[in-house]
Amino acid sequence: MEFNAPASTNPIDRMRIVGKPIDRIEGRLKATGQAQYAYEHQDAFPDQAYGHVVGAGIAHGRIRSIDRSAAMAAPGVLAVVTHENAGKLDLGKMNTAPLLGGPEIHHYHQAVALVVAESLEQARAAAELLRIEYEPTPGSFDLAGGKASGGEVLKDSPDERLGDFEAAFAEAPVTLDATYSTPDQSHAMMEPHATIAAWRGDQLDVWLSNQMIDWTTSDLAKTLGLPKENVRLRSPYVGGGFGGKLFLRADTLLAALGAREAGRPVKVALPRPLMANNTTHRPATIQRIRIGATREGRITAIAHENWSGNLRGGKPENAIAQTQLLYAGGHRLTANRFVPLDLPEGNSMRAPGEGAGMLALEAAMDEMAEKLGMDPIEFRALNDTQTDPRDPERPFSQRRLVECMRLGAERFGWNRRQAPGTRREGRWLVGMGMAAGFRNSPQMKSGARVKLDAAGTVTVETDMTDIGTGSYTILAQTAAEMMGVPVEKVTVRLGDSTFPVSAGSGGQFGANSSTAGVYAACVKLREQVAQRAGFNTAEAVFADGMVSLGNRQLPLGQVAGEAGLSAEDSIEFGDISERYQISTFAGHFVEVAVDKATGEARLRRMLAVCAAGRILNPKSARSQVIGAMTMGVGAALMEALEVDKGRGFFVNHDLASYEVPVHADIPHQEVIFLEETDPLSSPMKAKGVGELGLCGVGAAIANAIYNATGVRVRDYPLTLDKLLPGLPRVA
Ligand code: MOS
């Protein structure tokens with residue numbers, strides 16, 4: 001089904017099932033431990049052996065030699081795979097560095113060997129016996145140092161200019177020129193990367209934990225030099241991804257290589273201490289923002305320049321993305337500068353681009369509002385734009401940012417906000433902050449197959465994944481609504497490369513795109529049912545497990561008969577997203593208290609008001625947003641991969657020292673969704689929320705801390721050591 005014009009009224013608009021806060025249909029399986037995650041498929045193949053990944057002990061250089069003899073002779077060892085016996089491996093499209101390093105080493109903890117043994121303990125013990133001689137060479141590990149020498153303009157992210165920024169900025173009566181920095185961050189998902197791989201001849205069968213089945217199937221086949229149809233991937237449950245599982249990673253490639261070498265199925269999970277440096281991360285940024293405005297607060301000039309590092313061949317974090325779209329202003333400059341670094345591979349982490357960019361832009365907007373003597377909401381509202389600021393002919397499909405902020409202000413009690421540093425409660429300095437929320441909502445082609453059997457059961461099959469987001473449930477709701485059956489009559493099967501290719505889970509495109517794919521397949525199935533029932537498709541009514549026309553009605557199962565019916569289709573998006581900017585919006589509000597003696601910041605209340613099209617399931621959508629807000633707390637207050645700039649690696653590579661928020665850090669959280677539908681997004685009229693909830697919330701916290709203390713820290717995370725020097729020395 002081609003989607004290229006605004007959606008008209010369709011069966012989803014009935015909203016009998018779609019839009020209801022129903023529980024996760026797979027929730028019981030997960031809560032009772034029956035949902036098997038990648039490493040748990042003990043019964044998938046007989047005789048599974050265990051692989052232990054060895055990560056490089058240097059950041060940059062070469063392996064001079066590997067002596068495998070002692071490891072091979074150790075008890076239980078079946079195979080040791082290194083670059084010397086792995087055969088020729090291609091680089092997957094999605095990978096920047098080889099997933100099995102050697103002789104060249106591209107980053108610290110790049111995999112250099114897999115030891116396969118009868119037990120995990122034997123594999124791990126034997127790994128200690130590998131003798132690897134390295135030849136380290138100096139590398140670049142310091143983003144700030146690289147920025148000092150300028151950085152590079154990459155071909156695929158050229159500077160974007162509109163008007164004459166420099167002249168307009170020079171003339172503006174009120175200006176801000178501020179530089180913000182954000183650290184490297186780790187996805188730190190609960191379930192580590194894990195795989196079980198088995199060969200049957202040249203057929204490879206894999207269970208793994210992955211967000212994008214089709215990309216990863218292609219890349220695994222390409223890397224191994226196999227035809228894609230020889231590779232089967234299954235990833236029915238994923239214990240968190242956040243972008244860290246978008247791609248083929250070392251666990252999967254090495255499990256496949258280990259299984260081939262050992263002649264046995266092999267299972268591999270990355271040990272937690274390997275994850276920060278072996279897998280991908282969100283790259284650090286240094287962002288300079290300049291805003292010029294009239295005295296009345298109209299932005300005339302806005303510039304956002306970002307410096308960010310990655311391995312050569314990788315990309316900078318696209319931290320300027322939102323600044324191209326969020327506020328009006330005739331003279332504009334946005335630029336990404338690439339700094340080649342020899343740190344581990346940087347890549348997508350939840351809301352890549354806006355996640356880091358909004359931390360800077362929305363703090364800058366707060367600073368600018370103060371310079372103008374304006375309320376931060378009024379300043380943003382005055383500079384709202386209903387069209388792409390770069391092209392007045394290109395409207396937003398829907399943009400209700402101002403309503404999000406105004407409703408949030410009312411609900412949060414924004415009028416009780418005081419001047420910076422003036423509200424005290426004993427030892428606590430208390431303040432409020434807000435920020436806009438903004439994240440684009442991409443449309444991605446997505447396919448599905450929908451079957452109907454004689455019992456009237458509907459089965460959905462798509463390679464879509466559920467990374468904890470609720471995909472199972474919203475896909476079931478979609479099929480139930482379309483076919484007129486209760487959710488209990490829908491079975492959803494996901495994450496299998498033999499199923500139709502879906503959008504997958506990423507970039508907050510999954511919910512809208514994959515449900516639209518199921519919608520498209522259901523439209524076809526409805527046609528088949530109507531035809532077989534002898535009804536006119538357009539007039540047939542699907543409800544209560546029946547198809548009916550006038551006073552004739554037939555149970556769906558009877559129409560399907562013993563042979564059943566099956567329909568398959570994809571939603572394909574035409575050029576709608578070129579003609580319209582499809583984005584999601586929020587108002588984030590935060591209240592914090594800062595200990596005046598220690599600088600410890602504590603959250604008190606958080607509110608997000610979101611405008612994201614039709615909300616398919618308010619319960620799972622709310623969970624997405626509160627999870628994202630929680631991640632924003634991490635970004636604002638604690639998360640940072642600390643770089644050893646001498647040796648070139650992330651030092652705090654475990655969950656004891658990479659701090660993420662826990663329950664005790666998370667106060668009252670409230671989420672409000674504006675009632676809306678976006679007919680330009682898809683037949684579902686929905687958009688993404690999973691990343692919107694993150695974008696802006698960290699800046700709202702920074703702005704609240706400023707309001708509480710009068711101290712502006714521009715270097716995230718806002719840890720107490722950075723606040724302390726500025727805190728007022730009062731009793
Ligand atoms: Mo998201 S970072 O695209 O999984």
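The values are calculated or read from the model by the stated rules, or taken from the named source; none is laboratory data. All of these numbers come straight from a predicted model, not from anything done at the bench. Ideal geometry is used to build each Cβ from the backbone, glycine not excepted, and the neighbour counts take in all protein chains shown. Accessible surface areas use protein heavy atoms only, side chains included; no ligands, DNA or RNA. Shrake-Rupley method; radii C 1.70, N 1.55, O 1.52, S 1.80 Å.
With helices as the sole contributors, the chain gives -7500 deg cm²/dmol at 222 nm; each DSSP H run of n ≥ 4 counts as -39500 (n - 2.57), and the sum is divided by every residue. Just so you know, the averaged projected area of the alpha carbon convex hull for segment 555-617 sits at 10.4 nm². Share of pairwise Cα-Cα distances greater than 22 Å in segment 89-198 is 64 percent (whole percent).
Given a 1.4 angstrom probe, I'd like the percentage of the accessible area of segment 1-101 that is carbon and sulfur, rounded to a whole number. Within segment 1-101, the accessible surface is 52 percent carbon and sulfur.
May I ask what percent, to the nearest 5, of DSSP beta bridges between residues of the chain are antiparallel? So the antiparallel bridges amount to about 75 percent of the total. Roughly how far apart, in whole Å, are the Cα centres of segment 369-403 and segment 102-135? Taking the Cα centre of each part, segment 369-403 and segment 102-135 sit 53 Å apart. When the charge dipole of the chain is built from unit charges on Cβ atoms (+1 for Lys and Arg, -1 for Asp and Glu) and taken about the Cα centre, the candidate among Pro728, Leu616, Gly243 whose Cα reaches farthest toward its positive end is Pro728.
Taking a point 7 Å from the Cα of Ala328 along the Cα-to-Cβ direction, the residues of segment 149-175 with backbone N closer than 19 Å to it are 162-165, 168-169, 172-175. Which FRET efficiency value, to the nearest 0.05, is calculated for Gln36 and Asp202 with the Förster distance at 22 angstrom and r the Cβ-Cβ distance? Once the sixth-power term is evaluated, E becomes 0.25. Dipole check for segment 245-389: with +1 at the C-beta of Lys and Arg, -1 at the C-beta of Asp and Glu, and the Cα centre as origin, the magnitude is about 740 Debye.
Of all complete DSSP H helices in the chain, those with a Cα span along the helix axis of 27 Å or greater and a mean Kyte-Doolittle hydropathy of 0.0 or more are 618-637. Using the empirical formula 2.2 N^0.38 Å as the baseline, the Cα radius of gyration of segment 611-731 reaches a ratio of 1.34. Across the chain, the relative contact order, built from alpha-carbon pairs under 8 Å that are at least six residues apart, equals 17 percent.
Dimensions of the chain based on its C-alpha atoms, expressed as ranges along the principal axes with the largest first, amount to 80, 74, 50 Å.
When the solvent-accessible area of segment 614-659 is split by element, carbon and sulfur atoms take up 51 percent of it, the probe being 1.4 Å. To the nearest Å, what is the center-to-center distance of segment 536-581 and segment 322-350, using C-alpha atoms only? Result: 43 Å between the Cα centres. Once both labels are positioned 7 Å from their Cα atoms along Cα-to-Cβ, the gap between Arg416 and Ile666 label points is 2.4 nm.
Take every Cα-Cα pair in segment 422-569 and report what % of them are more than 24 Å apart. For segment 422-569, the fraction of Cα-Cα distances above 24 Å is 41 percent. Which residues does the label zone of Ala73 cover in segment 131-147, counting backbone N under 14 Å from a point 7 Å along Cα→Cβ? From segment 131-147, the list is 131. Pairs from the list Lys371/Lys596; Lys524/Lys619; Lys451/Lys524; Lys93/Lys315; Lys93/Lys228; Lys451/Lys685 with a Cα-Cα gap above 19 Å: Lys371/Lys596; Lys524/Lys619; Lys451/Lys685. Once the 1.4 Å probe is applied to the protein heavy atoms, the chain comes out at 36 Å² accessible per residue. Taking Lys and Arg as +1 and Asp and Glu as -1, the other residues whose beta-carbon sits under 11 Å from that of Arg417 total 0. Both radii were evaluated on the Cα set of segment 432-472; the Rg over Rh quotient, with Rh as the Kirkwood radius, amounts to 1.24. Rg and Dmax of segment 29-152, based on Cα coordinates, read 18.3, 56 Å. One Cα centroid belongs to segment 43-67, the other to segment 655-724; the line between them spans 38 Å. Select from Gly534, Thr584, Cys522 the residue farthest towards the positive end of the dipole of segment 470-627; place +1 on Cβ of Lys and Arg, -1 on Cβ of Asp and Glu, and compute about the Cα centre. With unit charges placed on the Cβ atoms, the residue in question is Thr584. Lys/Arg Cβ at +1, Asp/Glu Cβ at -1, dipole of the chain taken about the Cα centre: which of Val77, Leu637, Leu274 is farthest positive-ward? With unit charges placed on the Cβ atoms, the residue in question is Leu637. Legend: P(r) of segment 599-639 from all alpha carbon pair distances, 5 Å bins from 0, whole percents, reading 6, 18, 27, 21, 12, 10, 4, 2, 0.
Dipole magnitude for the chain: computed about the Cα centre from +1 point charges on Lys and Arg Cβ and -1 point charges on Asp and Glu Cβ, it is near 980 debye.
Summarised in one figure, the compactness ratio Rg/Rh of segment 119-257, Cα atoms and Kirkwood Rh, is 1.15.
Each Lys or Arg adds one and each Asp or Glu subtracts one; over the other residues with Cβ under 12 Å from the Cβ of Val671, this totals +2. When peptides 338-350, 525-537 are ranked by their average number of other Cβ atoms within 10 Å per residue, the highest-first order is 338-350, 525-537.
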